[in-house]
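Beneath this line is the structure, given in structure tokens, with notes to follow.
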Amino acid sequence: MRLNQNVSLLGKKVVLVPYTAEHVPSVRFRVPESVQPAEAPLCPCRYHEWMKSEELQRLTASEPLTLEQEYAMQRSWREDADKCTFIVLDAAKWQAQPGSTEESCMAGDVNLFLTDLGDPTLGEIEVMIAEPSCRGQGFGTEAALMMMSYGVTKLGLTKFEAKIGQGNEPSIRMFQKLHFEQVAVSSVFQEVTLRLMMSEPERQWLLEQTSHVEEQPYRDGS
């Protein structure tokens, strides 16, 4: 989504920045025929390494992609109007090491999918804290709150859904602590659906939880 391409959000534990080429190392790989030489993609090796983890595949109900598929996914996150993505950075590492690259501080990502054509006020939220050293520290909770606040104040969302694998108990508990309620279980996809309706009290609660967040203009790598 281009709306957030020049926005960074500074929290206490995490910093959210748009996904740019700064977050991938300069390693070329075989270019798909549909991509012109001038557009030769960068290899998203950080994600590629993360998604080799069988545990992460299980928790996120995902499978490893080829590099070409990962590049296509990366580009869609940036371009598609129905996706809003921020990279999650470890705020302490990012602030303690002036001059360090954002790629070296990456902890995961947080996404909103606006795919319900019948209800543009509904966003499906997804959080992944992929870096093992960053788990269990509240990164996912703050990233989810910051993304929800962005969705409410900038995208006009009034309700959120989270679809989580039945075996991913930590994520289920996290969203329940964020006032989400379970509304459905799919035995076919082995996932549960949780929902949060943003009533006025819930909206005020969300804004209070994120009152410390600073929005700043973003420039690649800054």
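Overall, the stretch 110-202 carries a charge dipole of about 140 debye about its Cα centre when +1 sits on the Cβ of Lys and Arg and -1 on the Cβ of Asp and Glu, all other atoms neutral. For the stretch 95-172, just say rounded, prolate or oblate: build the C-alpha gyration tensor, square-root its eigenvalues into a ≥ b ≥ c, call rounded for a/c under 1.5, and beyond that prolate if a/b exceeds b/c, oblate if not. Note, shape of the stretch 95-172 comes out oblate.
Solvent exposure of the stretch 122-222, expressed per residue, is 51 Å² of accessible area, with all protein chains present and a 1.4 angstrom probe. Ignoring ligands, DNA and RNA, what percent of the 1.4 Å accessible area of the stretch 172-222 is carbon and sulfur? Exposed carbon and sulfur together represent 47 percent of the surface.
The values are calculated or read from the model by the stated rules, or taken from the named source; none is laboratory data. No experiment lies behind these values; they were computed from the predicted model shown. Glycine also receives a Cβ, built like all others from the backbone with ideal geometry; neighbour counts cover every protein chain displayed. With ligands, DNA and RNA removed, areas are computed over all heavy atoms of the protein, side chains included. Shrake-Rupley method; radii C 1.70, N 1.55, O 1.52, S 1.80 Å.
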